[in-house]
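Undergrad: Handing you this structure, nothing more for now.
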């Protein structure tokens, strides 16, 4: 697999993680009451957000491929 295809898949995974973070934040804020499940979904959203952001930062900072 070429470098360009690898970067494409990395960016798609990053976008999926960011979308999952939005979904879990929505569930945590508006659908769950207080409790351990709300804390778990919030932490999961933060993990998705950080990983997705790092992947997108990697794709942007490595620059274009030939």
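Undergrad: Working only within the stretch 47-66, note down all residues that are assigned to a helix (DSSP H, G or I) and exposed (fewer than 13 other Cβ atoms within 10 Å of the Cβ).
TA: Scanning the stretch 47-66 gives 50, 54, 57, 60, 61.
Undergrad: Could you please let me know if residue 5 is in a helix (DSSP H, G or I) and surrounded by fewer than 12 Cβ atoms within 10 Å (Cβ to Cβ)?
TA: yes
Undergrad: Hey, among 26, 30, which residue is modelled with pLDDT of 95 or more, surrounded by fewer than 14 Cβ atoms within 10 Å (Cβ to Cβ) and in a helix (DSSP H, G or I)?
TA: Just one listed residue meets the conditions, 26.
The values are calculated or read from the model by the stated rules, or taken from the named source; none is laboratory data. Just so we're clear, the structure is a prediction, and the values are computed from it rather than from any experiment. Quick reminder, even Gly has a Cβ in these numbers, built from the backbone with ideal geometry, and neighbours come from all protein chains shown.
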